[in-house]
Amino acid sequence: QPLSQPLFSQPLSQPLFSQPLSQPLFSQPLSQPLSSQPSAASNTFQFKKLEVPAKPAPVTTPPSSDHKSVTSALGSSDTSGSSSAAPDQFRAPSAGYFSQPVQQSVTTAPFKFNVPPVGESQSHGAAAPNDNPSQKEEKTSIASKGRVSGSEEDGYDPHYEAAIPLPDLVAVRTGEEDETELWSCRAKLFIFVDGQWKERGLGDLKVLKNDKTNNTRLLMRREKVLKICANHQLYPEFLLKPFKTSREFTWLALGDISDGEPCDQTLAIRFKTNDLAAQFQDVVTKNTPQNQ
């Protein structure tokens with residue numbers, strides 16, 4: 001559209017160019033004169049289509065010793081695409097880039113045991129071909145010097161004094177030193193208290209005979225704790241009575257001192273088998289005062 005108002009509302013006080021131009025604005029004359037009247041073509045805006053060079057086809061031929069084949073392949077792809085020259089990144093490489101083919105070969109030797117040939121010593125501990133016998137002798141001599149026993153080393157004493165002195169050993173007396181053990185067996189003892197039977201202890205029941213007085217007594221200690229649960233002598237009226245089964249007996253113990261003071265108690269014993277019960281009855285019967 002034509003301008004409704006002039007470009008400059010007021011006249012310019014100074015010229016546009018302070019100095020005259022040394023060269024004309026346009027180096028070459030215009031092919032067409034500038035028209036003062038607007039044309040119909042100036043009202044429309046058009047995009048200019050840029051010409052983009054075509055990308056060459058990828059090279060499918062493998063690398064070879066002759067670089068000319070690569071150059072020819074690139075040249076043929078340029079001519080098949082467009083007439084414009086290819087960019088720098090698609091140009092043929094310089095001579096010698098593919099002058100040698102790429103070779104990647106990994107050679108692995110088969111695994112073999114280091115077996116000496118036939119005729120040589122194959123025993124365990126044989127010297128290796130690269131071992132030096134003199135070096136081996138030096139190593140063995142050094143190792144033998146390092147191993148010094150206590151008897152060979154001078155002044156060696158394995159005894160160490162205790163930080164806290166221990167008391168002297170005390171001889172423990174059980175009271176059985178002057179007695180001979182006639183019979184012993186593991187059994188379970190019961191006692192009749194308050195109108196019922198209660199377990200008294202489990203341990204070894206011994207029949208002991210005094211070497212000086214020839215008196216016989218029954219002694220029984222509980223397992224682990226070794227506390228006395230029966231300790232009395234066999235008197236002339238001592239009598240074993242059968243109890244509930246054939247491997248159980250009961251009797252009256254007069255003057256039993258297992259609790260510290262002599263007292264009369266009714267005891268019962270149970271053995272594991274009938275044979276053990278029969279052996280106990282036989283030993284006690286033979287060593288009562290009336291049968292001696």
Those residues that are farther than 15 Å from L219 by Cα and open to solvent by less than 60 Å² (accessible area, probe 1.4 Å), I need them from the stretch 274-287; list them, please.
L276, A277, A278
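So that you can scan it fast, the table gives a plain yes or no per residue for (1) in contact with a Pro (Cβ under 8 Å, 6 or more places away or on another chain); (2) over 25 Å from T174 (Cβ atoms); (3) aromatic (F, W, Y); (4) open to solvent by less than 50 Å² (accessible area, probe 1.4 Å):
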site: F190; (1), (2), (3), (4): no, no, yes, yes
site: G201; (1), (2), (3), (4): no, no, no, yes
site: V225; (1), (2), (3), (4): no, no, no, no
site: L239; (1), (2), (3), (4): no, yes, no, no
site: P262; (1), (2), (3), (4): no, no, no, no
site: N291; (1), (2), (3), (4): no, yes, no, no
Could you run through the stretch 246-260 and say how many residues are in a loop (DSSP other than H, G, I, E, B) and either free of Cβ contacts under 8 Å to residues at least 12 places away in the same chain or buried (at least 17 other Cβ atoms within 10 Å of the Cβ) (or both)?
4
Looking at D282 and the list (1) assigned to a strand (DSSP E or B); (2) more than 60 Å from the chain's Cα centre (by Cα), which single condition is not satisfied?
(1)
Boolean, D264 is more than 16 Å from K206 (Cα to Cα), acidic (D, E) and part of a strand (DSSP E or B)
yes
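The values are calculated or read from the model by the stated rules, or taken from the named source; none is laboratory data. Quick caveat: nothing in here was measured; it's all calculated off a predicted structure. So basically every Cβ, Gly included, is an ideal-geometry build from the backbone, and we count neighbours across all protein chains shown. Accessible surface is based on the protein model in full, side chains and every heavy atom, while ligands, DNA and RNA are left aside. Shrake-Rupley method; radii C 1.70, N 1.55, O 1.52, S 1.80 Å.
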